[in-house]
Amino acid sequence: MGIIPSKKKKNKLSQNGTFKRTTIQIKEEQNRWVNMGFKLFKEMKGEELCEKMMEEADEPPPDAGPFSASQIALYVKKYQASFVLKSLAIQQRGTRPSGVGALGAITVLDNPLLPAHDFFTAERVFPVRLRHSNFVKTDDAESDVRVVSLKFSDSEFESPFDLMLHTGEEAAFWNIFSFDKMLNALHGGPKTFEAYCLEDPWHFHLAIAGFRRAPDSFTDQRYYSWMAFEYKAKDGVPRYAKFRLVPEDDRKETGLMTEEEQRKPWDTSRWEDEIRPQDYLTADFEERMAEDGIQYKLQIQLHEIQPDDSHLILHTARAWDHATHPWLDLADVRLTSLLPFDVIESTRCSLENIPESLSFPPAKTIYDYNSIGHMWSKIMLGSSKQCSTIRRPSKNK
């Protein structure tokens with residue numbers, strides 16, 4: 001897929017804060033979407049700098065020092081406090097914009113390719129509360145990471161397992177430090193986020209990988225766990241596992257950046273000719289639920305742990321090779337009824353809700369690839385006392 005020159009094509013910010021859409025011709029290569037981030041970074045910043053920074057990114061994280069545990073604790077307290085303050089200040093859920101959700105069931109499949117597992121037992125059925133939302137934006141037409149949470153129970157908090165998944169197989173960040181840096185850049189506005197993207201080839205690449213602009217539906221996205229879990233099967237073989245949620249009908253994923261949009265992944269505002277309302281994804285979800293419910297597949301990817309594994313095997317921004325780590329069907333997810341808005345807002349997910357046969361690898365520093373899981377497990381993702389209205393489902397008020 002070739003690069004489309006853009007010297008004469010500039011996205012200008014209009015008075016209402018939206019961006020003018022550039023008229024372009026997209027070249028397809030066997031209908032396969034390609035992330036051009038590294039190539040574009042080389043064009044803008046030079047190949048030598050790009051290669052140097054990518055080599056540095058492959059270096060293992062530093063060893064723990066005497067203050068490493070204190071650093072982790074400080075970041076945990078920072079985000080616990082920031083989510084509470086955000087809720088009190090603007091009366092929204094502390095972690096993410098309000099979403100839309102439904103109740104249904106998760107049925108574990110009898111897949112002979114998977115090792116027997118105490119939690120994921122064939123034909124076991126769990127009730128599920130599923131919730132879709134954006135990562136930071138309140139306008140569905142803007143470019144943002146899309147999020148889905150699955151609570152393996154029909155309750156506000158108690159659950160044997162809570163699973164949080166995001167668009168993009170490669171995570172937008174890979175440890176506490178990079179998470180903090182990215183979030184500060186997003187909240188700093190377009191210029192700050194532009195500087196962030198142009199600072200590092202991985203920043204540029206990952207902004208393209210995970211962000212989706214104005215997708216047709218929450219339900220056509222592919223959502224990934226990003227973090228690897230320690231997966232304790234009955235055969236005793238040590239493994240890591242990643243999860244993803246995909247549409248049951250495997251229809252095309254929408255919202256992926258065009259080649260022209262990839263040149264400026266920091267342009268996240270809605271296009272000025274976009275006429276759909278800010279919560280159009282909620283309306284779409286409701287309509288699909290009204291027809292005959294919604295179905296997904298929960299899939300799993302396994303890695304048998306080896307003594308000579310690269311440290312990058314746990315890097316959340318590095319996808320595992322599909323040839324050696326195929327995605328395998330784990331469970332059917334069928335949604336049957338919409339959740340009322342107050343139920344969605346009172347439902348809280350936490351990575352502390354996890355079965356004994358799954359766990360997160362330990363983290364010792366804010367630079368460890370496992371540190372995100374550690375921090376998120378300490379933060380309650382949502383609270384009934386910290387929620388009000390941003391997005392309100394049109395039929396369930």
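The values are calculated or read from the model by the stated rules, or taken from the named source; none is laboratory data. As the structure is a computational prediction, the values presented were derived from the model and not from experiment. Here the Cβ is made from the backbone with ideal geometry for all residues, glycine too, and neighbour counts use every protein chain on show.
Residues in the range 285-316 that are assigned to a loop (DSSP other than H, G, I, E, B) and either under 20 Å from the mean Cα position of the chain (by Cα) or acidic (D, E) (or both): 4 in all. Looking across R251, R239, one residue alone is over 20 Å from A317 (Cβ atoms) and either hydrophobic (A, V, I, L, M, F, W, C) or out of contact with any helix residue (DSSP H, G or I) (no Cβ under 7 Å at 6 or more places or on another chain) (or both). It is R239.
Residue pairs whose Cβ atoms lie under 8 Å apart, sitting 6 or more positions apart in sequence or on different chains, and linking a residue in the range 255-273 that is closer than 17 Å to H203 by Cα to a partner that is among the hydroxyl-bearing types (S, T, Y) and at pLDDT below 95, are R263/S6.
Among residues of the range 121-137 that are more than 18 Å from Y280 (Cβ to Cβ) and of a type in the set (V, I, T), those with a Cβ under 9 angstrom from a residue that is part of a loop (DSSP other than H, G, I, E, B) and at pLDDT 95 or above, sequence gap 6+ or separate chain, pair up as V128/F152; V128/S153; V128/D154. Scanning the range 150-171 for residues that are among the small types (G, A, S) and surrounded by 24 or more Cβ atoms within 10 Å (Cβ to Cβ), we see that the one that is farthest from Q262 (Cα to Cα) is S159.
The set of residues in the range 358-372 being crowded, with 16+ Cβ neighbours inside 10 Å and within 22 Å of K232 (Cβ to Cβ) consists of L358, F360, P361, A363, K364, D368, Y369, N370, S371, I372. Listed by first and then second residue, the pairs linking a residue in the range 325-352 that is surrounded by fewer than 16 Cβ atoms within 10 Å (Cβ to Cβ) to a residue that is in a helix (DSSP H, G or I), with Cβ atoms under 7 Å apart and 6 or more places separating them unless they lie on different chains, are E352/S377.
Please work out if H205 is touching a Phe, Trp or Tyr at 6+ places or on another chain (Cβ under 6 Å) and either at pLDDT below 95 or under 18 Å from F285 (Cα atoms) (or both). Here the answer is no, as H205 does not meet what is asked. For the range 317-336, a residue qualifies if it is among the aliphatic types (A, V, I, L, M) and not in a strand (DSSP E or B), and the qualifying residues are A317, A319, A323.
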